[in-house]
Amino acid sequence: GAGVSQSPRYKVAKRGQDVALRCDPISGHVSLFWYQQALGQGPEFLTYFQNEAQLDKSGLPSDRFFAERPEGSVSTLKIQRTQQEDSAVYLCASSLQGTNTEAFFGQGTRLTVV
Amino acid sequence: QQPVQSPQAVILREGEDAVINCSSSKALYSVHWYRQKHGEAPVFLMILLKGGEQKGHEKISASFNEKKQQSSLYLTASQLSYSGTYFCGTEGVNRDDKIIFGKGTRLHILP
């Protein structure tokens, strides 16, 4: 595709449910980033992949959050036992290589935990 | 270590100029500027790198003062399409490929 694609666009989960958010980066982009954006705030770093290697996961809020990119392309962010505080927009971005090049963001997945 | 942006919000009339500032408490390798419209993805504007290199769109102007750990984004002759929230993101000199974004500056352009 022409840009970064995220699915689903919207997700409503009952507290305690597990969710999986998908990111399809631009083909050929080595780097992939996940961010969490609360209403009216800037994107907050969650984790970073270079190809299939997860090089930094320091931003993941708890061990309920898990991300993977097994073949170095599509990535999935999984949240187990969702809590209300997990409600946010989850943004995925990809770049050709690291942070020296333009990052392209997807439109995000808006997660609402009820 | 989140960068601080100022002002928090700006209202301009079409054709007026604006400056958005970004300040960090740590030594920086790079500053990144993005614009986000409501409900949309952030869109890249510019990267400013330590040493003076800049990458970005021709119509965008910005500066990076490495010593002061500050960056400014200059919007001249503003157009209605410039409305949105502007975020600066910073990467420290340790080059950890982690961009930390500020809280944003909301810009509204009136016709």
Whole-percent tail of the Cα-Cα distance distribution for the stretch B:4-110, cut at 15 Å, equals 60
Dimensionless Rg/Rh of the protein assembly as shown, both radii on Cα and Rh by Kirkwood, sits at 0.97
Computed for the protein assembly as shown: size of charge dipole around the Cα centre, +1 on C-beta of each Lys and Arg, -1 on C-beta of each Asp and Glu, debye to nearest 20, value 480
Sorted by chain and number, the residues with a modelled amide H under 5 Å from that of A:GLY108, at a separation of 5 or more or across chains, are A:GLN6, A:CYS92
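Wrap a convex hull around the Cα atoms of chain A, take a quarter of its surface area, and give that in square nanometres.
Mean orientational projected area (chain A, Cα hull): 6.5 nm².
Taking the Cα centre of the stretch B:4-110 as origin, work out the dipole magnitude from +1 charges on Lys and Arg Cβ and -1 charges on Asp and Glu Cβ, in debye rounded to 20.
240
Restricting things to Cα coordinates, could you compute the convex hull volume per residue of the stretch A:21-85 in Å³? Write down the numbers at each step before the final one.
Details: hull volume 5.9 nm³, N = 65.
Hull volume normalised by residue count: 91 Å³.
Laboratory data are not the source of any read-out in this text; all were calculated from the coordinates shown. Worth saying up front: this structure is predicted, and the values here are computed from it rather than measured. Reconstructed Cβ throughout: ideal geometry from the backbone, glycine too, with neighbour counts over all protein chains shown.
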